[in-house]
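Down below is the structure, laid out as structure tokens.
What follows is calculated from the coordinates using simple rules that are stated; it is not laboratory data. Everything numeric here is computed off the predicted structure, so don't read it as measured data. Neighbour counts are summed over all protein chains in view; Cβ atoms, including those assigned to glycine, are modelled from backbone coordinates with ideal geometry.
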């Protein structure tokens with residue numbers, strides 16, 4: 001195929017191991033992995049007429065980080081820090097830098113990301129492209145609020161430095177813009193000061209949804225971080241029972257780091273029958289009991305508090321060959337109580353949910369992106385082992401409830417929402433200043 | 001943690017293994033000179049290393065394969081005020097079929113991987129000999145252990161380099177200075193990106209970097225990275241020819 005006279009070989013390689021976190025969509029994907037930023041501008045000419053998509057560590061669950069009709073640019077080799085000012089907490093780094101590496105740099109100097117998703121194995125570009133939120137949403141809002149600037153490489157306008165002031169429309173399009181407004185080359189983020197690497201974490205077991213809503217209201221005032229794990233197998237009077245956790249940073253000057261080497265690994269995909277309603281039900285009961293016994297306040301390091309699942313690398317393989325779907329919705333505050341209660345009843349009755357169900361209230365701080373997910377209300381996230389039609393039918397029922405309640409679904413978690421559901425979730429979607437040379441499987445599905 | 005910053009020169013500082021190793025040294029507060037062909041890229045690497053704790057990181061753009069090694073290294077040693085470690089991390093894999101067909105391509109590969117590399121090693125050895133201290137670290141390859149049909153020209157350059165490093169280690173040993181050849185097995189880097197089936201034998205650049213960091217302190221003159229390649233290559237080296245010839249390696 002290649003002859004000596006030919007120009008440089010294509011940087012794109014066909015790989016079959018590039019899947020998203022849910023591992024449902026499989027197939028061959030053309031991938032380039034540049035090591036330096038100057039390689040980015042040459043990639044479109046190698047891709048020819050094919051569309052491109054910059055991707056990171058592929059923690060998005062569905063198809064927003066895949067582009068099988070075109071090609072993808074794996075940004076994980078562009079992970080250099082550009083500048084960090086330990087006096088002001090302003091960090092500028094290439095888009096492929098992971099939160100895990102950033103924490104290693106900034107925590108010992110007393111800084112922390114302004115908000116963090118539930119895994120540290122995400123890239124800076126990915127957190128911007130999905131405008132991620134965390135357990136402190138009620139105080140900090142989504143991460144886009146803390147982005148000072150980013151470098152964007154567009155096929156039609158070249159390399160741009162974008163700030164909220166320099167180009168408000170492009171800034172708002174790119175925050176949460178699913179990587180479709182240009183290749184994010186670097187990001188400048190304002191970090192927040194911490195007085196140590198540990199938190200005072202209070203665990204409060206509660207019995208039903210009413211108790212959750214009062215805990216959430218009461219805790220938002222005096223705790224920086226709040227979240228609840230829900231036993232989604234519990235129905236009837238116990239619907240929504242779970243473990244509420246709320247925490248504040250401790251100012252003790254102990255800045256110990258997390259250790260990425262202590263990962264436990266899931267080396268193989270589990271057999272499909274490993275997660276069934278009996279094992280999941282048993283897990284949920286056990287989890288509830290163990291955590292109820294731990295009720296009270298404990299000092300906890302940021303890693304187990306913010307990133308409990310990162311302790312088991314590749315935990316998604318527990319879902320076996322067919323993979324899983326995650327469902328994350330947000331319900332506006334005026335409808336949250338009724339809608340969440342009804343959804344949880346349907347999920348418990350279905351017997352399909354797994355052990356990872358999280359409920360959290362969002363605060364009022366507006367998210368800056370055209371396609372930002374967080375909005376005032378409550379967000380519910382659950383995993384479902386993928387079992388074909390059965391799973392899709394259940395999620396379609398949930399969709400109807402979310403739609404009824406004027407809620408929205410989270411693209412980062414989605415692998416199956418309908419075009420209509422997407423457009424209702426993000427009524428401003430047509431304002432997205434998409435780069436014509438970029439695309440994703442998700443976008444093809446919901447917008448074209 | 002050293003109280004005085006280590007003074008380190010890295011040749012081929014843009015490579016994935018060099019980058020991972022440089023980050024370990026930067027975290028210890030080292031002072032680094034980074035050598036590669038592209039000044040902008042070196043500047044990006046340098047900024048990253050400074051953010052990670054390097055006391056100094058300067059990029060020097062030159063083509064290691066054609067530079068006057070002794071003269072250039074002397075300038076770098078002046079920039080650092082001495083030299084504690086030289087890491088030679090540049091090299092090209094080449095395409096065996098093309099190398100067999102085209103003698104000039106083979107000559108270029110040999111110039112890059114062996115001839116120029118040997119000159120840098122000798123230049124560093126002279127400095128370490130004078131200082132009676134220092135560590136020369138050279139990235140070789142398991143491909144240099146036994147010629148096999150899939151990559152023996154590349155393997156020959158790395159095998160030749162192994163003899164150079166062994167000899168320098170022998171020469172420096174009585175003086176207290178050291179030379180170590182680090183032989184990585186399969187490493188997932190841009191150099192091997194076109195190989196898509198990556199199994200259990202594959203290592204990350206970070207794993208290899210830890211071996212290199214340790215090699216700067218002790219051991220040698222030959223270290224495999226990761227270490228499990230030692231028994232594997234022992235078997236491959238000593239396998240009878242009639243068996244070896246049946247293997248498609």
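Separation of the stretch B:64-79 and the stretch A:344-398 by C-alpha centroid, Å? Value for the Cα centre distance between the two parts: 61 Å. The mean sequence distance of close C-alpha pairs (under 8 Å, at least 6 residues apart), as a share of the length of chain A, puts its relative contact order at 19 percent. Taking Cα atoms only, the orientation of helix B:152-172 departs from the longest principal axis of chain B by about 50 degrees.
Here A:64, A:292 are placed in order of increasing Cβ neighbour count within 10 Å, fewest first, which gives A:292, A:64. Once you reduce the stretch A:277-300 and the stretch A:147-225 to the center of their Cα atoms, the two points are 29 Å from each other. Mean sequence separation of contacting Cα pairs (under 8 Å, at least six apart), scaled by the length of chain B, corresponds to a relative contact order of 18 percent. Here the simple spin-label model places points 7 Å from the Cα toward Cβ, and for residue A:221 and residue A:419 these points are separated by 4.9 nm.
Seen against the Cα atoms of chain A and their longest principal axis, helix A:277-293 is set at about 70 degrees. Going from the residue with the fewest nearby Cβ atoms within 10 Å to the one with the most, B:204, A:391, A:123, A:115 rank B:204, A:391, A:115, A:123. Counting only other chain Cβ atoms within 10 Å of each residue's Cβ, the peptide B:42-54 averages 4. Exposure proxy shown here: for A:20, A:51, A:440, the number of other Cβ atoms within 10 Å sets the order, fewest to most, as A:51, A:20, A:440. Over the residues of the protein assembly as shown, the helix contribution to mean residue ellipticity at 222 nm works out to -9500 deg cm²/dmol, using -39500 (n - 2.57) for each DSSP H run of at least 4. Prolate is the label for the protein assembly as shown. Its Cα gyration tensor axes, ordered a ≥ b ≥ c, give a/c of at least 1.5 and a/b above b/c. Seen against the Cα atoms of chain B and their longest principal axis, helix B:205-215 is set at about 70 degrees. Taking the Cα centroid of the stretch A:21-47 and of the stretch B:120-199, what is the distance between the two, rounded to the nearest whole Å? First find each Cα centre; the distance between them is then 32 Å.
Under 1.5 on a/c is rounded, so check that first for the stretch A:277-333, then, if it is not, pick prolate when a/b is larger than b/c and oblate when it is not; a ≥ b ≥ c are the square roots of the alpha carbon gyration tensor eigenvalues. Cα axes put the stretch A:277-333 in the rounded bin. Counting only other chain Cβ atoms within 10 Å of each residue's Cβ, the peptide A:78-84 averages 5.
Here the protein assembly as shown carries DSSP beta bridges of which approximately 60% are antiparallel, counting only pairs with both residues inside.
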